[in-house]
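All remarks here apply to the structure that follows.
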Amino acid sequence: METLINLSHGMLNAFDPLNLGLMLLGLAVGVIAGALPGISFVNAMAMALPFTYLMSPLTAMVFLGGIYAGGVFGGSISSILINIPGTPASLPSCWDGYPMTKRGESTRALTIAISASATGGIASALLLTFGAPPFAKFALTFDQPEFFAATFLGLVSIIAIAKSAPIVSFLSLFVGMAIGSVGVDSLYGLPRLTFGVPSLQNGINFVVVMIGLFALSEVVEMLGKTSHGEALGGKLKFKMPTFKELWSLKGAAGRGTALGCMIGVIPGAGATVGAVIAYGVEKQVSPRGKEFGTGVEAGLAAPEAAKNATTGAAMIPLLTLGIPGSAATAIMLAAMVLHGVNPGPLLFSTQTDMVYTIFASLLLANIFMIGAGVLVARGFSSLMKVPPTILGAFIVVLSVLGAYGVRNNIFDVYVCLIFGVLGYIMKIVKFPTAPLVLGVILGPLAERYFMTSLANYDNDLTIFFTRPISGSILAFAALFVLWALVPEMKAKLRRRQAELNDPVLEA
Amino acid sequence: MTFFQLHKKSVRGLLAPSLFLIGATVLLRFVAEDLEMATGMARGIAGPITWPNIMLYLIMFCAAAWLLVDLIGLTLDYRAHQQFSARPRRAGAPASAAPAEAAEGGDMRIWVGLAIIMIYGFLIPILGFMFATLLFVAVWMLLGGIRKPFMISLVSVIGTTVLLYIFVKLALMPLERGLGILDQITLAIYRFLHLI
């Protein structure tokens, strides 16, 4: 009851004209920044941070919360429309969202994405409101081995995405993880796999790899397939899904939301791990799992819901323990510290008004996000009417800008271009690119948690299995691999047996 | 018919896993510039090259497994083919398995497009982002089959200007301005457009 009273006070504060106006502004900034490759919403939050000096701590948090909620969704707009993930967490949205755009169903894909994201976001904000204190106790038991186990689970979930070719998929994943390990080691300061090239000492950024592999290879393929007069993917169908159709995705969105809420609360795991695991799980449980990757609605709804479900959940360790689980929450922590607010368990008793205003504004931001998302997506959707040659030219320019913008370094542009060529070759030879990108994103995280775990626990490798939570997550990862692989292997063996018995079938 | 004649195309497919295997083995030697120092830095079982080494060994393992699976597959296919050849052919069955020729990748335009993108990237530090982009967009449109000079000029000029406003004016990104005189010209245009 006390929570509801506090939440109603928070709602009143959130509806204050200044707070509401700035939250809406933050939402718009977040959605646009997330949708534009090269300007991530985290950059937008960092750029907005100095402006919060002019605001009260409460207004500042409402404003940044708006950018955060909008930005996490915004990345999916470019994923769905032009196959460039605006944020790493939007990567799974490319897999089924972009094929829908290719079929001329961009409006439908965007509506599904917005609805699922809003569902995940609202559920997560409610979880934050009602579940923060008990979750804080749970998160307190997490240490480096648990973070490693959670990241490991994210990595192995790739098996569900590419279970028809597990060996090649794992090979691609390990190549990605090896690429992720290029550069100076964070614990010892020793350069690895740099071959004496100074620019490689800073490592290979995953955004650069992602843009090269997905965007550039797609653009050149588009150039080969279409002539200048054709619209992308043939005739555009501006068909909105009906409420009944959206309701039919409740299972996918619900599972995604639940996974996102659970994973979001783990500091360091974040939206990317949540979205990838949700996609993998959905592929397993969905009756259309085999069709995933061809534009299946459930394959879009699940990661979208999971991605936004991590936003509220990620605020739990931030507000209760002062642990920022991601770059975005780290900026929110910085804003709190700048304004003299110390996050931690005491915050709930000393700044109750502020805490519940944050909860309320996050809830409202996810509701208003539907409007902001629709407006920005409509603007982007009209891109599909542009001749593909012109669209392609500007996707290349945006990709180059995106790669350059990561560190304002031309070397990143060269790396991006090389990965563009590699991406096209990988496409021709049907070598999976998604596991490689996932490896580059999660590999460095896994390495950091692995190395710090060993450093903190006297090089004891068994620590990953003997700690209850870490051991349970790893056991779950093993079960997940078996769950994904065993039926596929059985089917493969049966097919092989049939082919050997009747070689005509093989022909 | 020999094993290799029958599976010429598939045997060529064995090249990829072999390359991964060899590549990872070679990289193990160059994982750090000074391997001895890297090994010396290790505390207990883990050091700075532990993680990349694990990844390279895993790549080698997967590549070897891929190679093995493909070789077993080829051997089984060969045996099946021999058994099939010995049997009388079923009515209506194809005389031989026509290899499905992959049509992808054949388009010359794709490779020219990739080359243009590479050249664009390498021209940015020399010509500056603005001039390189104007040129790139125009060339790309020509390659895509657009032949109207007015349309090409309009799209490249307006598109580049909009991008400059977003990235230079709003995002404050220090984009490359080119070398020598091009730097001066770019600065003058930035001032004219009120970008700086």
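The values are calculated or read from the model by the stated rules, or taken from the named source; none is laboratory data. These numbers come from a predicted model, not from an experiment. Heads up, the Cβs are rebuilt from the backbone with ideal geometry, glycines too, and the neighbour counts pull from every protein chain shown.
Data table
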| read-out | value |
| --- | --- |
| Filter result for A:GLY34 (in a helix (DSSP H, G or I), surrounded by 24 or more Cβ atoms within 10 Å (Cβ to Cβ), small (Gly, Ala, Ser) and away from chain B (no Cβ under 14 Å)) | no |
| Selection from the stretch A:237-264 of residues that are crowded, with 18+ Cβ neighbours inside 10 Å and either at pLDDT below 75 or touching a His at 6+ places or on another chain (Cβ under 8 Å) (or both) | A:PRO241 |
| Odd one out for B:ILE146 among (1) facing chain A (nearest Cβ under 8 Å); (2) in a helix (DSSP H, G or I); (3) at pLDDT 75 or above | (2) |
| Flag for A:LEU445 being more than 10 Å from chain B (Cβ to nearest Cβ) and either in contact (Cβ under 8 Å) with a residue 40 or more places away in the chain or over 25 Å from the mean Cα position of the chain (by Cα) (or both) | yes |
| Selected residue (criterion: nearest to the chain's Cα centre (by Cα)) from residues of the stretch A:278-295 that are of a type in the set (Gly, Ala, Ser) and part of a helix (DSSP H, G or I) | A:ALA278 |
| Boolean, A:ALA393 is buried (at least 22 other Cβ atoms within 10 Å of the Cβ) and more than 7 Å from every other protein chain (Cβ to nearest Cβ) | no |
| Index of the failed condition, B:PHE84 passing every other in (1) in contact with a helix residue (DSSP H, G or I) (Cβ under 7 Å, 6 or more places away or on another chain); (2) at pLDDT 70 or above; (3) at the interface with chain A (Cβ under 9 Å from one of its Cβ atoms) | (2) |
| Test: A:GLY224 is modelled with pLDDT under 75, assigned to a helix (DSSP H, G or I) and in contact with a Lys or Arg (Cβ under 8 Å, 6 or more places away or on another chain) | yes |
| Enumeration of residues in the stretch A:405-415 that are of a type outside the set (Val, Ile, Thr) and either over 22 Å from the mean Cα position of the chain (by Cα) or more than 7 Å from chain B (Cβ to nearest Cβ) (or both) | A:ARG407, A:ASN408, A:ASN409, A:PHE411, A:ASP412, A:TYR414 |
| From the options B:ARG109, B:ARG191, B:ARG177, B:ARG147, residue that is basic (Lys, Arg), over 22 Å from A:LEU216 (Cα atoms) and in contact (Cβ under 8 Å) with a residue 12 or more places away in the chain | B:ARG177 |
| Per-region count, the stretch B:104-120, residues more than 7 Å from chain A (Cβ to nearest Cβ) and part of a loop (DSSP other than H, G, I, E, B) | 1 |
| The lone exception for A:SER172 - which of (1) polar (S, T, N, Q); (2) assigned to a helix (DSSP H, G or I); (3) modelled with pLDDT under 85 it fails | (3) |
| Qualifying residue in the stretch B:168-179 (condition: outside any helix (DSSP H, G or I), basic (Lys, Arg) and out of contact with any strand residue (DSSP E or B) (no Cβ under 7 Å at 6 or more places or on another chain)) | yes |
| Hits in the stretch A:450-477 (condition: within 11 Å of another protein chain (Cβ to nearest Cβ), buried (at least 17 other Cβ atoms within 10 Å of the Cβ) and touching a residue at least 24 places away in the same chain (Cβ under 8 Å)) | A:PHE450, A:MET451, A:THR452, A:SER453, A:TYR457 |
| Which numbered condition A:GLN497 misses (of (1) at pLDDT below 85; (2) farther than 30 Å from B:TYR78 by Cβ; (3) within 14 Å of chain B (Cβ to nearest Cβ)) | (2) |
| Among the residues listed as B:LEU154, B:LEU123, B:LEU135, B:LEU127, the single one being surrounded by 20 or more Cβ atoms within 10 Å (Cβ to Cβ) and either at pLDDT 90 or above or within 7 Å of another protein chain (Cβ to nearest Cβ) (or both) | B:LEU127 |
| A:LEU49 vs. criteria in a helix (DSSP H, G or I) and modelled with pLDDT of 80 or more | no |
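Let's see how each residue does on (1) within 23 Å of A:LEU333 (Cβ to Cβ); (2) in contact (Cβ under 8 Å) with a residue 60 or more places away in the chain; (3) touching a Gly at 6+ places or on another chain (Cβ under 7 Å):
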site	(1), (2), (3)
A:ALA35	no, yes, yes
A:TYR53	yes, yes, no
A:ILE67	yes, no, yes
A:GLY70	yes, yes, yes
A:LEU81	no, yes, no
A:ASP96	no, yes, yes
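The rows are residues; the columns are (1) facing another protein chain (nearest Cβ under 7 Å); (2) in contact with a strand residue (DSSP E or B) (Cβ under 6 Å, 6 or more places away or on another chain); (3) buried (at least 22 other Cβ atoms within 10 Å of the Cβ).
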| site | (1), (2), (3) |
| --- | --- |
| B:PHE30 | yes, no, no |
| B:LEU35 | no, no, no |
| B:ALA38 | yes, no, yes |
| B:ILE45 | yes, no, no |
| B:PRO52 | yes, yes, yes |
| B:ILE59 | yes, no, yes |
| B:ALA64 | no, no, no |
| B:LEU67 | no, no, no |
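Yes/no per residue for (1) of a type in the set (A, V, I, L, M); (2) within 18 Å of B:LEU56 (Cβ to Cβ); (3) assigned to a helix (DSSP H, G or I); (4) at pLDDT below 85:
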{"site": "A:SER115", "(1), (2), (3), (4)": "no, no, yes, no"}
{"site": "A:ILE122", "(1), (2), (3), (4)": "yes, no, yes, no"}
{"site": "A:ALA136", "(1), (2), (3), (4)": "yes, no, yes, yes"}
{"site": "A:VAL168", "(1), (2), (3), (4)": "yes, yes, yes, no"}
{"site": "A:ALA178", "(1), (2), (3), (4)": "yes, yes, yes, no"}
{"site": "A:LEU187", "(1), (2), (3), (4)": "yes, no, no, yes"}
